[in-house]
1. For the chain, what is the accessible area per residue in Å², given a 1.4 Å probe and the full set of protein chains?
2. With only alpha-carbon atoms counted, please give the Rg and Dmax of the stretch 122-257, in Å.
3. Pull the list of the chain cysteines that no other Cys approaches to under 4.7 Å, Cβ to Cβ.
4. Name the residues of the stretch 2-16 whose amide N is less than 16 Å from a point 7 angstrom out from the Cα of Q34 along the C-beta direction?
5. Using the crude model of +1 on Lys and Arg Cβ and -1 on Asp and Glu Cβ, and no other charge, please compute the dipole size for the chain relative to its Cα centre, in debye to 20.
6. When a/c reaches 1.5 or more, the comparison of a/b and b/c decides; with that in mind, is the chain rounded, prolate or oblate per its Cα gyration tensor?
7. Once R0 is set to 56 Å, what does the formula 1/(1 + (r/R0)^6) return for the Cβ-Cβ distance between E233 and Q71, expressed as a FRET efficiency to the nearest 0.05?
8. Leaving ligands and nucleic acids out of the surface, order S40, S57 by accessible area at 1.4 Å, largest first.
Amino acid sequence: MDSNLQKVFVARRIPQIGIDSLAQQFAVTVHSGQLPPTRSELLSGVGGCHGILSLLSDRIDGEVMDAAGAQLKVISNFAVGFNNIDVPEATRRGIAVGNTPDVLTDATADIAIALIMATARRLREAWQAVDNLAWKTWEPTGWRGLDLVGSTVGIVGMGRIGSKVAQRLYGGWNMRVLFTAHRAKAEDTFPFPARQVALDELLTNSDFISLHVPLSADTRHLIGAREFGLMKETAVVVNTARGEIINQAALVNALRNKQIFGAGLDVCDPEPLPEYDPLRQCENCLLLPHIGSATYSARDAMAVRAADNLLAGLTGNPLPYPVN
Ligand code: NAP
């Protein structure tokens with residue numbers, strides 16, 4: 001390995017297409033364990049690096065930037081969310097931060113739809129009955145769930161992913177769309193009818209509530225006991241954004257007390273969910289292991305975008321997918 005090459009630390013094995021592109025120009029070290037690097041592995045791994053390719057499970061803060069050294073130029077997150085990175089601190093130090101938007105939008109929107117349907121039709125309980133040999137006959141009153149056609153979806157955070165979820169639900173099931181966003185949106189912003197409302201109005205009037213806001217100080221525990229109290233008893237809550245957006249203790253109460261119909265989660269707090277977490281006992285909750293972007297093409301495209309951000313940052317160019 002040429003010792004004059006700039007160094008890149010890659011915090012996990014990502015699709016090879018991204019590694020190959022980096023290895024042409026840089027000295028690349030990949031943390032090859034199946035699990036994320038421990039804090040001490042991360043701190044030692046980034047030492048002397050000019051670029052870091054991080055994952056959402058890696059907390060990249062001032063301590064990591066210090067451990068890398070003053071030559072660190074760019075942090076490229078293999079995700080669209082970047083709540084794991086202290087962006088203001090990176091900006092203060094003149095370190096560029098990038099992410100991988102757009103290429104995982106459809107894959108993640110599809111998982112939200114899968115969770116909406118699976119929760120509405122109680123697929124976890126139904127599958128468990130098959131698996132446990134509890135399925136005895138066709139039951140006229142058994143396994144009844146909710147219809148999508150003619151119902152209302154509330155999209156909390158009508159950005160790239162939220163608007164694709166809404167488009168699918170309007171086009172496929174003729175659902176009415178309510179939404180929230182940070183900024184006011186013009187009526188003709190979306191190629192389907194959608195009404196921007198306050199969060200409380202959305203929670204009160206939606207049959208399906210799908211969360212798509214980024215995790216920030218403003219959105220942490222955005223949905224808690226008060227918010228569950230506003231929802232219909234037949235409401236389904238789906239979260240493909242970040243686990244911390246829901247107050248999980250309040251969710252467990254709402255599910256146990258049948259305050260809502262069910263929840264479909266691709267994300268939780270913490271991840272993975274501990275063995276004895278009470279959420280596991282809620283049969284009206286379907287939990288996936290954070291697989292929103294897990295299609296072959298989305299993950300390859302994320303690897304290419306993450307590598308492109310590093311290539312640009314390390315050659316003195318603006319990042320193609322910048323965060324700061
Ligand atoms: P995006 O395009 O930036 O959309 C975020 C939306 O949230 C925007 O509409 C924004 O409003 C709105 N928003 C931001 N802060 C808000 C607040 N405080 N209150 C209400 N609305 C707020 O992001 P995206 O690409 O759709 O991704 C959304 C999130 O999904 C990511 O941040 C990530 O955490 C998560 N994600 C998860 C997976 C997974 O594997 N499960 C995959 C991809 C992404 P404006 O439009 O007015 O700015």
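The values are calculated or read from the model by the stated rules, or taken from the named source; none is laboratory data. This structure is a prediction, so every number in the text was calculated from the model and none was measured. Cβ atoms come from the backbone with ideal geometry, glycine included; neighbour counts cover every protein chain shown. Heads up: the accessible areas ignore ligands, DNA and RNA and are worked out on the full protein's heavy atoms, side chains in. Shrake-Rupley method; radii C 1.70, N 1.55, O 1.52, S 1.80 Å.
1. Details: 15740 Å² over 324 residues.
Heavy-atom SASA per residue in the chain reads 49 Å².
2. 16.5, 53
3. C49, C268 - these cysteines have no disulfide-compatible partner (Cβ-Cβ under 4.7 Å) in the chain.
4. 12-14
5. Details: 29 positive and 33 negative charges, 66 e Å.
Rounded to the nearest 20 debye, it is 320 debye.
6. Note, shape of the chain comes out prolate.
7. Details: r = 57 Å, r/R0 = 1.03.
The pair E233/Q71 has a calculated efficiency of 0.45.
8. Details: S40 80, S57 60 Å².
Of S40, S57, the descending order of accessible area is S40, S57.
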